[in-house]
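The values are calculated or read from the model by the stated rules, or taken from the named source; none is laboratory data. As the structure is a prediction and not an experimental result, all values here were calculated from the model. Note that each Cβ is placed from the backbone with ideal geometry, even for glycine, and that neighbours are counted across all protein chains shown. Calculation scope for accessible area: heavy atoms of the full protein, side chains included, ligands and nucleic acids excluded. Shrake-Rupley method; radii C 1.70, N 1.55, O 1.52, S 1.80 Å.
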Amino acid sequence: MGLTVHGDICSPFVKIAAMTIYEKNEDFELVFARLSLLKTEEFLAKNPFGRMPVLEDGDLVVFESRAVARYVEAKFEGQGTPLMPANLKEQALVNIWAEVESQSFCPPVWAICSQFLSKKVPDVSVIEASREKLEKVLDIYEIQLSKRKYLAGDFFSLADLFHIPLLHILQCLSEDIFRSVINSRTYVHKWHQDITNRPSWKRIISVPEASDWSFLPKV
Amino acid sequence: MAVKVYGIPMSTATRSVIAALIEKGVEFELVEVDMKAGAHKKPEHLKLNPFGKVPVYQDEDVTLFESRAITRYIATKYEGQGTPLLGKTTTERALVDQWVEVEGQNYHPAVSALNYQLFFRKIFSGEGPDEAAVAVNVEKFNAVLDIYEARLTASKYLAGDFFSLADLGHFAHTEYFVKHSGKSDLITSRPHVAAWWQDISSRPSWQKTITYGSS
């Protein structure tokens, strides 16, 4: 009995779970759940926040994609890619940049993407305000990545992985904004090219559903 | 070299780190950063935290920022002493990580926005609350607290029947919310959330943390 992931592969957060599992050379059963299903009693019993992904491993149910990723890494420690170093200092660096992703990178990126996903006419002032925040954060990433290959050091880790699906959806929804914030920064651009070249990521986006948000209702 | 925490006593993120150090019985020195004078944006501090924020944690091995990364480091480095904060098994650890994420993604955005509007804003800029922002965040916070009420009906603490890093992360903003927002009824009207808050805020570590600094 293996891992089950409830969700829709078009979700960047489901992709975090999927990519982590693939990096550990493991597989999972995707139990498809689209937005309408997330508010059913059955689903809310698994994740009361009504969001995807939810991971099931035997009796254990875990939600919040970053917690799912941490669990998968811990469970399959010693196989596949080491995504969390054993060394305490390096672990701390991974956790710093995972927090930066969670608190400073994700909110403005998601705010921009939300404008394109659910509104007929994106609110330019919201996009611009978020973009300004994002640029300031990425200026710091640029300096960081000029000194080392990945965010926490010269090793790929969960901190880098957490960024990949959000960068992907931003690029798909607005190539212009993506180019101007990512491609314009030499080291950020190089880092992006490297981390999206990983076989685990290519496998995820090889299916058209991974990049299809057309089913979302337009408000 | 002793542990140093660069921050200010009233900062919620600084308080999280202080609470974790006390839970683990680790001695430390609080080095106050003169944020009123903009010290956190000057080169000396930016060397420690390029994002220009507090707290920064420093010991003989590391210089760290982001309070949740710091408290996780403290919980791991000092695993063998003080209160266990990460659970005993991979399963327990997963639930700790899950509720740490819930705090960061769901609880924190709503409660910090409310604390800003209803308390900090007046202190920092003399301005009263943006009522629209208050209304939006009250709605969000109520929805989150309904989920917490259900969870804490089933379980004494967030990750299970043990106090953990997940609960600790809620100390700082909840303290301000309950004491200063004027909307503490959101907490006190929910019996299991109220009992949980009463329990965790009575912990010596939290009682000690809020004594730091003059106000």
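When every alpha-carbon pair in region A:3-75 is counted, what percent end up more than 16 Å apart? Across region A:3-75, Cα pairs with separations above 16 Å total 38 percent.
Eigen-decomposition of the gyration tensor built on the alpha-carbon atoms of region A:48-182 gives equivalent ellipsoid semi-axes of 28, 21, 11 angstrom, largest listed first.
Probing with 1.4 Å while keeping every protein chain in the model, the per residue accessible area of region A:88-198 equals 41 Å². Per residue, chain A reaches -15500 deg cm²/dmol at 222 nm when only DSSP H runs of four or more residues are counted, each adding -39500 (n - 2.57).
Computed about its Cα centre, the charge dipole of chain A is approximately 480 debye, with only Lys, Arg, Asp and Glu carrying charge at their Cβ. In this calculation the C-beta distance from A:Lys89 to A:Val126 is compared with R0 = 35 Å, giving a FRET efficiency of 0.35.
Computed from label points 7 Å out along Cα-Cβ, the spacing between B:Lys208 and A:Ile140 is 3.0 nm. Interface area, chains B and A: about 2600 Å² of buried accessible surface, summed, with a 1.4 Å probe and ligands, DNA and RNA left out.
The separation of region B:50-120 from region A:183-219, counted between C-alpha centres, amounts to 29 Å.
Cα gyration tensor of chain B, axes a ≥ b ≥ c as square roots of the eigenvalues: rounded (a/c below 1.5), prolate (a/b > b/c) or oblate?
Since a/c reaches 1.5 but b/c is at least a/b, the shape of chain B is classed as oblate.
How large is the helix-only mean residue ellipticity at 222 nm for chain B, computed as the sum of -39500 (n - 2.57) over DSSP H runs with n ≥ 4, divided by its residue count, in deg cm²/dmol to the nearest 500?
For chain B, the value works out to -15000 deg cm²/dmol.
One way to sum up the overall shape of region B:10-100 is the equivalent ellipsoid from its Cα gyration tensor, whose semi-axes run 27, 14, 11 Å, largest first. Ordered from longest to shortest, the equivalent ellipsoid semi-axes for the protein assembly as shown are 31, 26, 24 Å, each the square root of 5 times a Cα gyration tensor eigenvalue.
I need the peptides B:183-190, B:114-121, A:61-68, A:203-210 ranked by packing, meaning the mean over residues of other C-beta atoms within 10 angstrom, with the highest value on top.
Put in order of decreasing packing, that is A:61-68, B:114-121, B:183-190, A:203-210.
If only the Cβ of Lys and Arg carry +1 and only the Cβ of Asp and Glu carry -1, the dipole of region A:3-75 around its Cα centre is close to 320 debye.
The per residue volume of the convex hull around the alpha-carbon atoms of region B:138-204 is 80 Å³. With Cα atoms defining each centre, region A:45-74 and region A:128-147 are spaced 30 Å apart in the structure. Separation of the alpha carbons by more than 26 angstrom is noted, of B:Lys36/B:Lys122; A:Lys120/B:Lys140; A:Lys89/A:Lys147; A:Lys89/B:Lys156; A:Lys120/A:Lys190, for A:Lys89/B:Lys156; A:Lys120/A:Lys190.
Relative contact order of chain B, taken over Cα pairs closer than 8 Å and 6 or more residues apart, is 23 percent.
Would you mind checking B:Lys77/B:Lys208; A:Lys133/B:Lys208; B:Lys47/B:Lys179 for any pair whose Cα atoms are more than 31 angstrom apart? From B:Lys77/B:Lys208; A:Lys133/B:Lys208; B:Lys47/B:Lys179, over 31 Å: A:Lys133/B:Lys208; B:Lys47/B:Lys179. Between A:Asn25 and B:Leu46, the modelled label-to-label distance comes to 4.5 nm, taking each label 7 Å out from Cα in the direction of the beta carbon.
Note on A:Gln193 and A:Leu35: the extension gain reaches 53.8 nm, defined as 0.36 nm multiplied by sequence separation minus the Cα-Cα distance.
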